[in-house]
Each structure stands twice: as C-alpha cells, then as structure tokens.
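This report refers to the structure that appears directly beneath it.
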Amino acid sequence: MENSDERNEQLPFSPNPNSADDDEIDEQEDEEEEEEEEDDGHDDVVSHEPYNRNNRSSLSSLREQRSKLETLSRRLASELVPIRVHDVLIRGNTKTKDWVIEAELKLLQDAATVQELISASEIALAKLRSLEIFESTELTLQAGPPELPHTANVVVDVVETANKVSGEFGVYTKPSTSSWTAEGGLKYKNLLGYGDLWDASLAYGGSQATEVSVGVFAPRLKGLLTPLVARLSMLSQDWQEFSSYKEQLLGLSLGLISTRHHDLVYTLGWRTLTDPLQMSSRSIRRQLGHGLLSSLKYTFKIDRRNSPIRPTKGYAFLSTTHFGGLTPDHRSLRFLRQEFDVRCAIPFGFYNTALNLGISAGAVFPWGHDFMNKPSPLPERFYLGGDFSPVCTLGGPITLWGFKTRGLGPTEPRRRGRDEIIDDNDDSSKWDFIGGDVAVTAFADLSFDLPVRWLRNHGIHGHLFAGAGNTAKLTQNEYKRFSPRKFLESFRTSVGCGFVVPTKLFRLEGNFYYVLKQDEHDRGKTGFRFSFSAPS
C-alpha cells in the first residue's frame, strides 16, 4: 500500500479518476458509518476491533483520495500542471497492429501539461472510434515510475468489432451528374490488420447515371504519411436529353495526399463518348470516340462555417486544380481546369437570421501545340443549372436556381438525320448544350426562423434567395469575340422564396422560383418545385 500511495502522489491526479467519484465516496462513507453503529451495538457479544480498524483505514483512504481530487480540481482551474507521457500500453488488439493504434496517439506524446494531456486523450479516442474497427475504446492514465516524477503511463484498452461485414443504403444528391442517386454498399473491416476498410458499392441514378466501384481505405501504412485510398470504378452517364451523348469511364483512382485541408488524387481511365441516336450537334460529333484520361486533381478546402446544412456564421473556401494529359499517348486528354469557391455567412442576431453569400468561378483550357485552336474536352466543360442549393454545396460553378440541369449556356442545333440540320427556330429541346470554357455564378440567401415553435424546434425555416450566372466558350479562337461587358450583361438571373427542412444527411427544400432573365434556348422555368441538396 505504501508503494501505491507514493506513486499516486507523484501524479497530480488519481490513476483512474472515474473510480473516485465524490458521490460514490459519500455513499461508501454512509454505509461504513452505519456498519460501525451496528457493530457498536453488539460489542457486548463479539469483539470486532480488527474489523473496525480495517473500516477506519478504508474510510481514511477514501477521504484522502477525495481530498486529492479536490486539490487537483483547484490546481487545474488556477494553473498549468506539468506532466509528460512516459509510456503507452495497448491491450485487447488481437488482429490490429500496434503501430496502427499508436499512430492515432501521437498527440499524447506532445502533451506538456495535465490540461493538454486530457484534451489530447479526447482527440485520440475520437480518432480511434473513427477507424470503425473497434466496438469500444477506453483510455486510462496511470502514474509513471517512482523515479520519474511528473510522468504518466497511458493504457489503451480496445475491443475489436466482432461483426466485420456491414452494409448501408441511402439516397444522395449529385449536382454534377444527376438530381439524385440511390446508393448501396458493403464493407469488410480490418482484413489485413491495418485498420483497412474494403468496400463495394453500386449507385443508380434512374436513366441518367450508374456507377459500380470497389475500393480500399487504409488509414495507416508504415512508410506512408497519408492514408492509402484506391478505387476501381465503372461509370456510365446518359446526357442524351441535354447534350446528345453517353459517357462511359472505366478507371482507377489513387489518393496520394489526404489531410484536413489538402487532397491530391491521381486518376487513370479509359473514356468513351457515344451518340446512339445519331442526333448530336457538330461540336459533340467531333469528340465522340475513345480517350485516355491520366490526370492529377488537387483540392484545397477550408470550411469554418458552423453548419454545412444551415450555416449562420463563418466562411468557406475551395480551390480545385485538375491537370490532364500525363501520358505521351496521342489519345490522352490534355487540359487544365481551375475552380474557385467562396462562401460567407453573416448572422443578424435575431430570429436566427443569417445572410449567406457566395461566388464561384472556373475556367478550362486544352494545352499543347496550337492549343487555342483546339476544343476543351467535352466532359470537363462547365454546365450550369439544377435546383440544388448552393448554400451547402462547394464544388465550383454548377448550380443556378430555376434552371434545369445543363439548362443554360452555349448551344448548337441537333441534326434530324445523318446530314440534315434542324431550323434555328425549333424548340429548345432540339438544341445541344455544349458547355462553356469559363463560368461564373453568385448567390445570396437570407434564412430566418418561422414563427411556429414546433417548426423552430425541428430546424424548419424559411429563406429568400437570388442567383445569377453565365458561361461562355473561349477555345477554338472564340476568345477573340469574347467581351467581358457582354458576358456580364448576359448573366441569367432568378429569385425566389421557400422553406427548408434540414436533416443530418441533406436539405429538403420547397421553393418558388421566378426566372428574371434567360436566353432563347435556355431551360429556365418559373414555378414551385422540391429539391434535395447534400453538403459537399
């Protein structure tokens, strides 16, 4: 007992504070006092002096621990208590490698005070739980060796999950491909003991998009500073309604860097564009066939908003650089695409009112010999439209309220037969939207609580909004006819109002849209519609 007491004195807190709760101590004191009273009443029959001495010793020890906890609480509130981690002990992992767990505990080694150690312990536990391979995780702080004062040992107890297979199903929005997709997937956890997650998924978006993929995610591998992320996928998208072509992409993506703010992905794929109906416009027919996609995509993201679903304060910034053409093959798609996204939420201080402002811009160019005379790759161009909320969507210039998906921008007439071109005065559905090389969108959204308490308690709120945007061609010498003034004057604009039902996964909106300005062949429509938007 003397050894144990000495070691506890070197650590400014109990080795396991949870076992020394004040209420438990009080209860034990009361019980022991009652037992002492009963024992005193029977002194004339049996002698209990050794038993009472033990009770008094136990009670004294509990009171001493309670006093130490009170002293520690006062010290933590008034000053920084120095300490350092001497050793980390891991128990309970039968398959998971020790270094996988140790990698999530690095913050503990940097702690120099008790306050920092407690904070680092909370973060470490959250990281271990995020691996999704443990049923439970516990972290205990114990006193270090007697000869090393102001030190602590960290004991981590884990229980690996017994059910390694899991499945999930959900409905999500994808502004860049279709209005919604139904996705299902299976996961197998910790196959190799590296904290690895293997998954297979299927995404179906009606008649427009289908994706089948398998992938692996390993958070820690020896010799690698970032997680290993690899995915093999086959994507099929049907754009015949808007642009008279179908796209198929079979490819492999490999995550090279993945941190909180930075993401670098290499993609190698084989892309095929087809026109089954043989009605595509001239610009699209010239890009039909096969192409090799070998590209690097770098994303820098900062999101300091208080909520991705309904932000009422903070800001966000996104920059995406996509460089294609990393192979010498003449079929390699050579392009440089750059996007910027800025968001800002300004609180007003009453009725939870906030003004969200945002602007997005992007440009894409081919590169190589005589690049300005060449067209940019068709799938890499900018297509605006879709009733998706830009409030929670970060992904470049995509959304514009009141317009259908790919519902505005440069167009070309489709052909009726092999050689016949339709009249320019035909309905807008007879035109192909061929996308732009430069695009800009902006919006303002004023959100506020509704006067009904039940609606406020469930987060349902109203909003007023306005949006504007435009896209134009610059390649194939179109830049010679480009005028910034005309580009701004031809901005499409829309306004509206509605209500928002936020959930953990998406925003459900019921909005009335009023299109203020659109061009002849645009697909903007005034009216009331529902939409789903997921944060990105």
Looking at the stretch 210-224, can you tell me whether even one residue there is surrounded by fewer than 18 Cβ atoms within 10 Å (Cβ to Cβ), touching a residue at least 60 places away in the same chain (Cβ under 8 Å) and basic (Lys, Arg)?
yes
Could you list, ordered by first residue, the pairs with Cβ atoms under 8 Å in which the first is in the stretch 240-259 and without any contact (Cβ under 8 Å) to a residue 60 or more places away in the chain and surrounded by fewer than 18 Cβ atoms within 10 Å (Cβ to Cβ) and the second is among the aromatic types (Phe, Trp, Tyr) and in a strand (DSSP E or B), at least 6 apart or interchain?
250/270; 254/266; 256/266
Being at pLDDT 90 or above, open to solvent by 40 Å² or more (accessible area, probe 1.4 Å) and within 30 Å of residue 338 (Cα to Cα) narrows it down to one of 478, 412, so name that one.
412
Boolean, residue 391 is modelled with pLDDT of 95 or more and surrounded by 17 or more Cβ atoms within 10 Å (Cβ to Cβ):
no
Name every residue in the stretch 521-535 that is exposed (fewer than 15 other Cβ atoms within 10 Å of the Cβ) and in contact with an Asp or Glu (Cβ under 9 Å, 6 or more places away or on another chain), in order of residue number.
530
Residue check, residue 406 against (1) at pLDDT below 85; (2) assigned to a loop (DSSP other than H, G, I, E, B), all met but one. Which one?
(1)
Restricting the stretch 362-383 to residues that are open to solvent by 10 Å² or more (accessible area, probe 1.4 Å), more than 15 Å from residue 323 (Cα to Cα) and in contact (Cβ under 8 Å) with a residue 12 or more places away in the chain, which is nearest to the chain's Cα centre (by Cα)?
383
Does the stretch 303-322 include one or more residues that are in contact with an Asp or Glu (Cβ under 7 Å, 6 or more places away or on another chain) and of a type in the set (Lys, Arg)?
no
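Residues are listed down the side, and each one gets a yes or a no for (1) in contact with a helix residue (DSSP H, G or I) (Cβ under 9 Å, 6 or more places away or on another chain); (2) assigned to a helix (DSSP H, G or I); (3) on the phi < 0 side of the Ramachandran plot:
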| site | (1), (2), (3) |
| --- | --- |
| 283 | yes, yes, yes |
| 287 | yes, no, yes |
| 310 | no, no, yes |
| 336 | no, no, yes |
| 344 | no, no, yes |
| 379 | no, yes, yes |
Of the residues in the stretch 503-523, those that are modelled with pLDDT of 90 or more and assigned to a strand (DSSP E or B) come to 509, 510, 511, 512, 513, 514, 515, 516, 517
Out of 340, 335, report the one residue that is open to solvent by less than 40 Å² (accessible area, probe 1.4 Å) and more than 30 Å from residue 527 (Cα to Cα).
335
Pair list, Cβ under 7 Å, 6 or more apart: the stretch 483-499 residue assigned to a loop (DSSP other than H, G, I, E, B), other residue open to solvent by less than 40 Å² (accessible area, probe 1.4 Å)
490/470; 491/468; 491/469; 491/470
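The values are calculated or read from the model by the stated rules, or taken from the named source; none is laboratory data. None of the values given here were measured: they were computed from a predicted structure. Note that each Cβ is placed from the backbone with ideal geometry, even for glycine, and that neighbours are counted across all protein chains shown. All accessible areas refer to the heavy atoms of the entire protein, side chains included, with ligands and DNA or RNA removed. Shrake-Rupley method; radii C 1.70, N 1.55, O 1.52, S 1.80 Å.
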